[in-house]
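Below: the structure, in structure tokens.
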């Protein structure tokens, strides 16, 4: 079995310690002018982040 390599992120958004609302606003600002296909790495500690971010 082989493991797939993870591509490097073009943008990293560190939401450590932030509530989802603040993280979403920060994320929007960072990706607003990102090119199509950009890979975004999001760091979140809010337990609700996996529920809120897909929206």
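Against the longest alpha carbon principal axis of the chain, how many degrees, from 0 to 90 and to the nearest 10, is the axis of helix 20-31 turned? Its long axis makes an angle of about 50 degrees.
Sorting 12-18, 2-8, 33-39 by average packing, meaning the other beta carbons within 10 Å per residue, from highest down gives 12-18, 33-39, 2-8.
Please report Rg over Rh for the chain, where both radii come from the alpha carbon positions and Rh follows the Kirkwood definition. Don't skip to the answer; put the middle values down first.
Values: Rg = 12.6 Å, Rh = 12.3 Å.
The Rg/Rh ratio comes out at 1.03.
Distance between the 7 Å Cα→Cβ label points at residue 41 and residue 26: 1.5 nm.
Model label sites at residue 52 and residue 14, defined 7 Å from Cα along the beta-carbon direction, differ in position by 2.0 nm.
When a footprinting reagent is the concern and you count Cβ atoms within 10 Å, what order do 29, 10 take, fewest first? Provide the component values of the computation, followed by the final result.
On the way: 29 10, 10 13.
Starting with the residue having the fewest Cβ neighbours, the order is 29, 10.
Would you mind getting me the FRET efficiency between residue 3 and residue 33? Use the beta-carbon distance for r and R0 = 30 Å, nearest 0.05. Working from the Cβ atoms, E equals 0.35.
Read-outs throughout are calculated quantities, based only on the coordinates presented, and are distinct from any laboratory measurement. Given the structure is predicted, the values throughout are model-derived calculations rather than measurements. Every residue, glycine among them, receives a Cβ derived from its backbone with ideal geometry; neighbour counts consider all protein chains shown.
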